[in-house]
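Just so it is clear, none of the values below were taken in a lab; they were calculated from the coordinates. Nothing here was measured: the structure is a model prediction, and the numbers come from that model. Using ideal geometry, Cβ is built from the backbone for each residue, glycine included, and neighbour counts are taken over all protein chains shown.
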Amino acid sequence: MKLSKNDPLIVIDVQKAFFNPAWGNRNNPEAEKNIEKLILQWRKMERPIIFVQHVSNNEDSFFYIENNEAIEFMDFIKPTKEEVVVTKSVNSAFIGTDLYQILVDMKSEHIVITGLTTNHCVETTTRMAGNYGFNPILVSDATATFDRKGMNGEIFPAELIHAVTMANLNEEFAMILETDFLLNDRI
């Protein structure tokens, strides 16, 4: 399978709010480097990129709308005027946005998903994309997550959460690939 010229790269919530140390331990320190590689290759090949930005009205959120610096994209992400920016306020990039219609209008065979965090907005958007029939490809090493505390106080490591999320999505909601394999064999 080769990707078509109009199969977009979707970059979810790669924002400065994730620099806040309150998030705790994180897996995959190479995620941003891999996301950047994908962005550069998509631009080189003149393929569409859609950036998703989380902005919340909840004052307790790290993405609170009045916390201007935290809701900004990380410095390596600078959308061009041709690239689409979708602003969302919930986990799915499809809810309350025009992402669905944008993808329908692109007539893409697949969408390629990256971003933060694996088990929140990336997973929710990937599941919906699969249900909508957009044939998502989730790039496992271009996403990352944080440790989570369970109901009984048990800490679940980020690596485990990431791996289980990939297992849950694999072949049911998305095709799971790594950055280098995608760049070398699929585009």
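A few points about this structure:
- Candidates are the residues of segment 114-134 that are of a type outside the set (A, V, I, L, M, F, W, C) and not in a helix (DSSP H, G or I); the one that is nearest to D180 (Cα to Cα) is T114.
- If you check I187, I137 for being within 20 Å of S108 (Cα to Cα) and assigned to a strand (DSSP E or B), only one passes: I137.
- Subset of segment 116-147 (residues that are surrounded by fewer than 21 Cβ atoms within 10 Å (Cβ to Cβ), of a type outside the set (S, T, N, Q) and more than 15 Å from N28 (Cα to Cα)): H120, R127, M128, G130, Y132, G133
- When residues in segment 148-159 are screened for being aliphatic (A, V, I, L, M) and surrounded by 14 or more Cβ atoms within 10 Å (Cβ to Cβ), 1 of them pass.
- Pairs where the first residue, in segment 75-86, is over 17 Å from L99 (Cα atoms) and the second is surrounded by fewer than 16 Cβ atoms within 10 Å (Cβ to Cβ), C-beta under 8 Å, 6+ apart: T80/R43
- Residue within segment 143-150 that is of a type in the set (F, W, Y) and assigned to a helix (DSSP H, G or I) present: no
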